[in-house]
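Here the structure is laid out as structure tokens; the discussion comes afterwards.
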Amino acid sequence: MASMAYGPAPENRSAADAWLASHNNRFGHYIDGSWKAAKKGAYFESLFPATGEKLADIAQGQPDDVDAAVKAAKKAQPNWAELGGKGRARYLYALARLVQKHSRILAVLETLDNGKPIRESRDIDIPLVARHFYHHTGWAQLMEDEFPDMVPVGVIGQIVPWNFPLLMLAWKIAPALAAGNTVILKPAEYTSLTALKFCEICEEAGIPAGVVNVVTGDGSTGACLVQHPDVDKIAFTGSTEVGRQIREETAGSGKKLSLELGGKSPFIVFDDADLDSAVEGIVDAIWFNQGQVCCAGSRLLVQEGIADRFIRKLQLRMTNLRLGNPLDKCIDMGPIVDPVQLKKITAMVNEGVSDGATLWQAPIELPGDRFYPPSLLTDVSPASKVVQEEIFGPVLCAMTFRTPAEAVELANNSAYGLAASVWSESINLSLDIAPSLKVGVVWVNTTNQFDAAAGFGGCRESGFGREGGREGMFEYMKPRYETEMKPLAELKPNIAKPNLLQQGLDRTAKMYIGGKQTRPDGGASTAVYSSAGVLMGHVGEGNSKDIRNAVEAAYKASGWGKSDPHNRAQILYYIAENLSARASEFGERIKALTGVSTANARREVEISISRLFSYAAWADKYDGQVHSPPLRGVVLAMNEPVGIIGMACPETLPLLGLVSLVAPALATGNRVVVVPSQTFPLIATDFYQVLDTSDVPPGTINMVTGDRDQLMDVLASHDQVDSIWYFGSAQGSTRIERLSARTLKRTWVNQGLERNFSAQQQGEGREFLRFATDVKNIWIPYGE
Amino acid sequence: MNVTRADIKSFDTVARNPGLDFDLDWVYSVAVNRSAVERRAKTLPGRRSVKKQWQAAWLLKAVRCIDLTTLSGDDTPGRVKRLCAKARSPVRADILSALGLADASFHTGAVCVYHNMIATAQEALAGTDIPIATVSTGFPAGQTPFELKIMEIERSVTAGAHEIDIVISRELALTGNWSALYEEVKAYRKACGNAHLKTILATGELMTLRNVARASIVCMMAGADFIKTSTGKEPVNATLPVALVMTRMIREYWDRTGYAIGFKPAGGISSARDVLQYQFLIREELGPRWLEPDLFRVGASSLLSDIERQLEHNVSGSYAAYHRLAMG
């Protein structure tokens, strides 16, 4: 009685064991509404991470399994879409209810398979799964009203990781089904069991055969899914390394892609924070799920003046963490998912220590050799590998900062951009910091909060796309007109006709970089002829150095993203005004270069002016949202500029194509490096004179003329460029997607299809604004 | 960063808190984030669980920390005697003996009565070392003249109370007059002499957690031996978020001064499950030393019978009926 020990408090696992036994502890794939044994008798084992006990044999998916699943999904998709949102809502509702009804067995299975504490699977994972299906029941119900003119993408291949097996399944499957898609899900090799149990839940819910298919297996099974030609979209959550491979492999395939990848999320503690609560926040940030969380707050940034005191508090808290059997209701941390992962964590920490870091581990007796203690690394710097790279384990790196500006700089000094946590009692300070962080999610005075109503996802090497909320639904839909787009016709450059001489003085167009007209670095120019073959002038042949200079200028123009929308609108109106003043001149020029009729040339100019007006209008109206998750507080979904966008304009409609891309980007606060129509570049070079007279801040718009695809390759390979928009050839689209893989840029390419920029629906509006922005969700609980 | 191995001190006897000079900077530097505190309080019961003989041990410890209380207008000597009898043998003998505690001196932490019942309690508790606690200073509202409050304390101490549960003037906290609150509590402490001072913050009337944190610090600075949540008469009594804030302030005071202050939640804690949650919270935030009766009390009237039922279930495997357990 004196010791006041907690004692064991094990959760009962008999129902889970009975379920496994009912399948003879052996599972095939779930394809087209029935179980299919592994065809070649190939099975691998699923283990209980705490002990290594074998739970079941899991089928190793082969190419023909994947093929059968894709066929089933493809066959089922039209009918599933045909049901309509309201019809599908009934099924999603049934799934939500059934997840709740089976919540205990799902929680126990999850803990057995993954090793996470039963508290987490019971109180966090499974309730969030049910919540996700409820929320998306609603999106299905409202689909036709809220997303008119959008259609499902089709057949979706979904690959999920082992850290939140069923929750990631829900994040993938719920929006996909709500929008009318059918899916093939590949669970992670370590953790297939809850996905397999979910198949039975789908049967109970009466989900039609082929709508949900689960093919188990390792990375090779996932690769089959990624490469399958009949898969229309891949949604992947996992490591940045695999995400990059998927980006490369799907390049040019026309597959839509969303990637939720790694992170090294900062946890920023200011000196006016509630320090005890911040310490508890760290427990939820880095010791939640043994730190095996993509958005784990693994980089502690603490204000220097309170650092010693804060670290002492943290160490004291760490000593109270309990490690043990994850089925025990009284433990904080379970085992690491697999000895392979444990070895990786150990190696990274050891390397950190040999690089000079100081390691402090809570003096906790480990319950076995499959566990890793809660760990703190100090004496590290932004240059340390343990600070830069994801450890994916219960290891926190701590650094100090002096000022809010330095905190932001340190926080953003990362290849990743997933999440951040900010601790301060000052609303001024926290709401100043949150928008400055280059991440997809910010938690103010809280951490690792998730809800179906608020989008989750990152930027930079943390991937692109959002899951949850309205923003997440767009990942599983496409505009109806995309289904009708035809391949672009090839455009031949105008050629010189003999004996036709240039009229008037020689005009040599230049690049437009940093608000200045600059000569091409290479010192070479190309002649441009009218459609009639008259020499119209010369344009510079841009090279990689011109691109480098243009990106540099755009980088320096970062003030544009912070300027107020009213100001951006003013400038867009002013561009329109100045273009309007020279409308007839632009019309003549377009006519001469492209050979279109006077009426069509004038029309192009008029639509361009109108489009500038539209985006001036949008500048202060493309508002974010306030999401309503279950929380006393607000979640602000802010539309933030993507950053620096490299753009290849369409070859035809040289003015309208340029304006259609540049204006939405500027309206939302981006800076752009534009490669204008290669065939008719002189319109763009005339246009920079309009820019020059319109108060556009230097570096906001930069133009480099020359060989489109060569220049775009340089942009796609430039690490400082955040996104690429490309409206050129199919081959060019493929290259852009492949080259963007290295830094995981968000891309928007046309796959060689023709977009009708003069049509209102295809040429302007929310679709463009969505590509020009990233949604950042800022969680702000409040209450005195 | 200066990193040292976190040191958890252990100690046997609690040195009495002499109080500190008033330090407004400390009072104002206190930061409490309500949502974060609530998240911790909400998830804590899911993080800790005790079963079987371990649970019995925790509940027996809780019994030893109960200030068995009656504070009603209709209290009579008969009622108080019955309460004291229950305090002397809080758990039925056969249950105790099944738990292996037949011979131990086993009683509640104290009995807590109004001043007029001190003499009765003294008589009823003769021969035991059960302390008598009494409420004071115009309990529960504290809206009586200051001189009378001091006199009330002195009279109770003279009458033989070992522990004085005072109420703070909420007005001083609500208007931010922290130095006046400090002076008030310091005067109470002086009036207590050797009797222990428990300061009731009436957290349900302070409303905000920041006020709770500041009032906790001020009371400890002024020499409180215990800080206590509630009178049991406010619309909202002890809650886990309030307890979390108060225990964190106790930890802060301990960290800065080396003096261990006790904690007493009171009001609305009526089930074994409830009290276990407070025990978990204290063990996690302050450590097991704070679960002993010299640093933890729980003010309750109906809690004991639920614990006793739970203990009987623990011993027999079947659920108990109230009429088979002795009334308090």
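The values are calculated or read from the model by the stated rules, or taken from the named source; none is laboratory data. Treat the numbers as computed from the prediction; the structure is a model and nothing was measured. Glycine gets a Cβ as well: all are built from the backbone with ideal geometry, and neighbour counts include every protein chain shown.
Of all residues in the stretch B:269-289, count the ones that are polar (S, T, N, Q) and within 11 Å of chain A (Cβ to nearest Cβ). It would help to see each step written out before you state the result.
Initially, the stretch B:269-289 is screened for residues polar (S, T, N, Q), giving B:270-271, B:277, B:279.
Next, only the ones that are within 11 Å of chain A (Cβ to nearest Cβ) stay: B:279.
So the count comes out to 1.
Pairs are defined by a Cβ separation below 6 Å, a sequence spacing of at least 6 or placement on different chains, a first member in the stretch A:471-488 that is closer than 27 Å to A:A454 by Cβ, and a second member that is assigned to a helix (DSSP H, G or I); the pairs so defined are A:G472/A:P175; A:M473/A:W139; A:M473/A:P175; A:Y476/A:P175; A:Y476/A:A176. Screening the stretch A:673-683 for residues that are surrounded by fewer than 24 Cβ atoms within 10 Å (Cβ to Cβ) and not hydroxyl-bearing (S, T, Y) and picking the one that is farthest from A:Y574 (Cα to Cα) gives A:Q678. Of all residues in the stretch A:549-565, none satisfies being under 33 Å from the mean Cα position of the chain (by Cα), touching a residue at least 40 places away in the same chain (Cβ under 8 Å), assigned by TED's automatic domain parsing to the domain that holds A:T705 and within 30 Å of B:R39 (Cβ to Cβ).
The set of residues from the stretch A:435-468 being more than 14 Å from chain B (Cβ to nearest Cβ) and assigned to a strand (DSSP E or B) comprises A:V441, A:V442, A:F456, A:C459, A:R460, A:G463, A:F464, A:E467.
If the condition is being under 20 Å from the mean Cα position of the chain (by Cα) and not in a helix (DSSP H, G or I), then the stretch B:95-116 contributes B:F106, B:H107, B:T108, B:G109, B:A110, B:V111, B:C112, B:V113, B:Y114.
Yes or no: A:N412 surrounded by fewer than 24 Cβ atoms within 10 Å (Cβ to Cβ), without any contact (Cβ under 8 Å) to a residue 40 or more places away in the chain and within 26 Å of A:P161 (Cβ to Cβ)? Don't jump to the end; show me each part of the working.
Values: surrounded by fewer than 24 Cβ atoms within 10 Å (Cβ to Cβ): yes; without any contact (Cβ under 8 Å) to a residue 40 or more places away in the chain: yes; within 26 Å of A:P161 (Cβ to Cβ): yes.
When the stated conditions are applied, A:N412 passes them.
Is there any pair linking a residue in the stretch A:360-376 that is within 14 Å of chain B (Cβ to nearest Cβ) and farther than 18 Å from A:Q341 by Cα to one that is part of a loop (DSSP other than H, G, I, E, B) and not acidic (D, E), with Cβ under 6 Å and at least six apart or on different chains, and which? Going by the 6 Å Cβ cut-off, the qualifying pairs are A:W360/B:V3; A:Q361/A:P373; A:A362/A:P373; A:A362/A:P374; A:I364/A:P373.
Total residues in the stretch B:16-41 satisfying the condition of being more than 7 Å from chain A (Cβ to nearest Cβ), under 23 Å from the mean Cα position of the chain (by Cα) and not in a loop (DSSP other than H, G, I, E, B): the figure is 3. Taking the condition away from every other protein chain (no Cβ under 14 Å) and touching a helix residue (DSSP H, G or I) at 6+ places or on another chain (Cβ under 9 Å), does A:F44 pass? Spelling it out, it is not the case that A:F44 is away from every other protein chain (no Cβ under 14 Å) and touching a helix residue (DSSP H, G or I) at 6+ places or on another chain (Cβ under 9 Å). Of the listed requirements (1) among the polar types (S, T, N, Q); (2) surrounded by 23 or more Cβ atoms within 10 Å (Cβ to Cβ); (3) touching a strand residue (DSSP E or B) at 6+ places or on another chain (Cβ under 6 Å), A:S660 misses just one: (3). When B:R297 is tested against the conditions (1) at pLDDT 95 or above; (2) charged (D, E, K, R); (3) more than 21 Å from B:C112 (Cα to Cα), the lone failure is (3).
Residue pairs whose Cβ atoms lie under 7 Å apart, sitting 6 or more positions apart in sequence or on different chains, and linking a residue in the stretch A:517-536 that is farther than 16 Å from A:L682 by Cβ to a partner that is among the hydrophobic types (A, V, I, L, M, F, W, C) and assigned to a strand (DSSP E or B), are A:T518/A:M511.
Considering only residues that are within 14 Å of chain A (Cβ to nearest Cβ) and in contact (Cβ under 8 Å) with a residue 40 or more places away in the chain, which ones fall in the stretch B:204-225? Please lay out each step first, then the result.
Going through the stretch B:204-225, the residues within 14 Å of chain A (Cβ to nearest Cβ) turn out to be B:206-214, B:216-217.
Those that are within 14 Å of chain A (Cβ to nearest Cβ) and in contact (Cβ under 8 Å) with a residue 40 or more places away in the chain: B:T208, B:L209, B:R210, B:V212, B:A213, B:R214, B:I217.
Residues that are within 11 Å of chain A (Cβ to nearest Cβ) and among the polar types (S, T, N, Q) were ranked within the stretch B:42-78; the one that is farthest from B:P131 (Cα to Cα) is B:T43. Inside the stretch B:290-304, residues that are crowded, with 20+ Cβ neighbours inside 10 Å and either away from every other protein chain (no Cβ under 14 Å) or more than 20 Å from B:S230 (Cα to Cα) (or both) make up a count of 7.
Name the one entry in B:A133, B:A119 that is in contact (Cβ under 8 Å) with a residue 60 or more places away in the chain and either surrounded by 13 or more Cβ atoms within 10 Å (Cβ to Cβ) or in a strand (DSSP E or B) (or both). Break it down stepwise before answering.
Working: B:A119 fails: in contact (Cβ under 8 Å) with a residue 60 or more places away in the chain.
Of B:A133, B:A119, the one residue that is in contact (Cβ under 8 Å) with a residue 60 or more places away in the chain and either surrounded by 13 or more Cβ atoms within 10 Å (Cβ to Cβ) or in a strand (DSSP E or B) (or both) is B:A133.
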